[in-house]
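Structure first, commentary second.
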Amino acid sequence: MSRVVLVLGDDVSTDAIFPGRFMATVLPAETPQFAFADLADFNKGVRDKTITPGSAIVAGHNFGCGSSREQAASCLKGPDLTIVARGFARIFLQNASNLGLRTIICPEIEASEGDEIEATADEIVNVTTGRRCRVLPLPSARQAIVDAGGLVAYARELLIAERTVTL
Amino acid sequence: MSGMTITQKILARATGRASVAVGDIVEPAVDLAMSHENAALVMNQFEEIFKGTSLTPTVWDPSKIAIVFDHRVPAESSKTATNQKKVREFVRAQRIARFHDVRGDEGGICHQVLAESGYDRPGSVIVGTDSHTTTHGALGAFAFGIGATEMAAVWALGRVLNVEVPATIKVVVSGDLAPWVGPKDIILSLIGRLTAEGANFRVIEFHGDTIEWMNTSGRLVLCNMAVEAGATSGIVPADDETVRFLRSEAAVTGELDLVCADPGAEYEEVVEINAATLAPQVACPHSVDHVQPVTAVEGRRIHQIVIGSCTNGRLDDLETAARILRGRRVSRDVRMLVFPASWRVYREAMERGYLADLVEAGAVVMNPGCGCCLGIHQGALGDGEVALSTTNRNFKGRMGNPNAEVYLCSPAVAAASALTGTISDPRY
Ligand code: SF4
């Protein structure tokens, strides 16, 4: 079960998730402090660690549109959030699966802040309202990386196999 | 078998296959891997990949990596300066040759530097840790933006992992553009039609006589902003103009492979644009797809005009602005900032007198780089202020202040508006 801690609309940009003025901060361990820096309450929750790990952000279409900055995914991965959106922008979805940030594509999702939601492989149940919404699978190219535990682990295995052969 | 799109053909060749179909998962070999300051994060992830192995962390091919400092030049903070220093050390240790530091002879915005340095080739696969890597499709490459960890895997392995072959939207632009209407107006109008996610996971292939007649500078504008409709990449079929640009402006020698689509290529959608009836376009706050003809927003009071960025900071953009401002004065109600896209553009604009025209009119010519495009340093906006900019994004907070607004437009609209301090139509 996840508690919905933030509800957003369509086209949430990476400038909203991790404003450009903090982009000199790159290391995944340091990025969460600037997650949604311009949403003061939410950001404070992340900084003070009052948001429970496993909580959810619910959003509309095209979540994560804009720049390729990976900080937009790492800053949400740090506090262990799940992002449920009607759709994701390509680069954000790739960054999320590469870093192990959980993303769920749910084209009809509806929720309010404070709702409890339960995700299974093929649907999300809003336990508070009783509403059920179907979940679309991640593109298979992405799922393979999620299953490997992220891109670092995935690439490391290939690297060992390939460089050891050529040595 | 049905024909392939340009993207399919490039991906087939980059994976050593006779053909690929939309939806196939492929691992294309990379011809050029570009990063800017965020190479600092790529380096970190690159070292993570090697952690726990007995292998030495060396990049797969230093001749295929380009690193260009542009987002925060010269460094705006000690943090950025320290990151840049670490990247310099990495570049030296790994013998990366295509490195463009903070320099007046070869520096500039990464996308401009790649194009003018002759690093872009038709038929090649280009990836960059920057979403506007789509720009390089203007020279017939399949070019797309990736994240830092994905780039780290490219540095290690030389190929992009798990790429799903995208479907293609064919955009056909025909007719002659009216005076003071240009490529920026075409792409803004297209984004308005497709919406900000209309081309998500798809490629936009540009066709039609307007594109055939368009110079490379204009094609760079179209492909640059393809990502604002969500596209993985934008691409213009390489042709005589591509060859002309590469040979005479980018000093490229050797064979060029002009990949074009097969006659029976399958497109997911075909969109037609009549360029002849197009008016100057403006994207209104806070979304790039809130597009209106300039006549609908004329008279809106603005406080800062920006000409620059990887979209519209090239020589012909500065020429347009200089033509409009020559012998006139920027309104005292507005400040005007000009960021040439590269130092080469800066020097040429200086030699042709454009910079003098702009400065004498009251504009401030800044050093080449991303400048205020992404709100990190230079040209911040005050609360409640409005900017009119030739850049490519107007998300809330994009120029550093979530309490400000950004309108996007062409260099002609920007320059005409500088004279009045309000959004103005360059045609009158
Ligand atoms: S000019 Fe703007 S859009 Fe272009 S690379 Fe720089 S920050 Fe990105």
- For the protein assembly as shown, what size does the Cα cloud have along each of its three principal axes, sorted from largest down, in whole Å? 65, 54, 51
- Identify, among B:Gly23, B:Pro402, B:Pro263, the residue whose Cα sits farthest towards the positive end of the charge dipole of chain B, taking +1 on the Cβ of Lys and Arg and -1 on the Cβ of Asp and Glu, with the dipole about the Cα centre. B:Pro402
- Using the per-residue mean of other Cβ atoms lying within 10 Å as a proxy for protection, in what order, highest first, do the peptides A:118-124, A:64-70, B:406-412, B:290-296 fall? A:64-70, B:406-412, B:290-296, A:118-124
- Given N residues in the stretch B:8-273, what is Rg(Cα) / (2.2 N^0.38 Å)? 1.01
- Kirkwood Rh and Cα Rg combined as Rg over Rh, evaluated for the stretch B:374-428: 0.99
- In whole µm²/s, the translational diffusion coefficient that Stokes-Einstein assigns to the stretch B:213-285, given a Kirkwood hydrodynamic radius over C-alpha pairs, 37 °C and 0.692 mPa s, equals 219 µm²/s
- Zone of B:Arg328 (label point 7 Å along Cα→Cβ, backbone N under 19 Å): which residues in the stretch B:301-318? B:301-308, B:316-318
- How large is the charge dipole for the stretch A:70-167, taken about the Cα centre, if only the Cβ atoms of Lys, Arg (+1) and Asp, Glu (-1) carry charge, to the nearest 20 debye? 360 debye
- Message: Taking the square root of 5 times each eigenvalue of the Cα gyration tensor, what semi-axes in Å does the equivalent ellipsoid of the stretch A:1-62 have, largest first?
- Response: 19, 16, 10
- DSSP beta bridges in the stretch B:8-273: the antiparallel percent, rounded to 5, is 10 percent
- Query: Say the cut-off is 24 Å between C-alpha atoms; which of B:Lys85/B:Lys396; B:Lys64/B:Lys396; B:Lys170/B:Lys396; B:Lys9/B:Lys170 go over it?
  - Reply: B:Lys85/B:Lys396; B:Lys64/B:Lys396; B:Lys170/B:Lys396
- What accessible area, in Å² to the nearest ten, does a 1.4 Å probe give for B:Trp60? 70 Å²
- Note on the structure: Listed by chain and number, the residues whose amide H is under 5 Å from that of B:Val386, excluding neighbours fewer than 5 places away on the same chain and using placed H, are B:His303, B:Gln304, B:Glu405
- Query: What does a probe at B:Ser174 reach in the stretch B:262-295, counting residues whose amide N is under 20 Å from the point 7 Å along Cα→Cβ?
  - Reply: B:262-279
- Compute from the Cα atoms of the stretch B:246-322 the Rg and the Dmax, the latter being the longest Cα-Cα distance, and quote both in angstrom. 18.9, 52
- One-quarter of the Cα convex hull surface for the stretch B:40-125, in nm²? 6.6 nm²
- Normalised per residue, the volume of the convex hull around the Cα set of chain A (Å³): 115 Å³
- Message: Using alpha carbons only, how many angstrom separate the centre of the stretch B:223-239 from the centre of the stretch A:99-167?
- Response: 28 Å
- Ignore the peptide's own chain and count Cβ atoms of other chains within 10 Å of each Cβ in A:84-95; give me the average, rounded. 5
- Counting each DSSP H run of 4 or more residues in chain B as -39500 (n - 2.57), what helix-only mean residue ellipticity at 222 nm follows after dividing by all residues, to the nearest 500 deg cm²/dmol? -9000 deg cm²/dmol
- At the nearest 100 Å², what buried accessible area, both sides summed, do you get for A and B when the probe is 1.4 Å? 4000 Å²
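The values are calculated or read from the model by the stated rules, or taken from the named source; none is laboratory data. Only a predicted model underlies this, so the values are computations on that prediction, with no experimental measurement involved. Cβ coordinates were reconstructed from backbone atoms using ideal geometry, including for glycine residues, and neighbour counts include every protein chain displayed. Accessible surface is based on the protein model in full, side chains and every heavy atom, while ligands, DNA and RNA are left aside. Shrake-Rupley method; radii C 1.70, N 1.55, O 1.52, S 1.80 Å.
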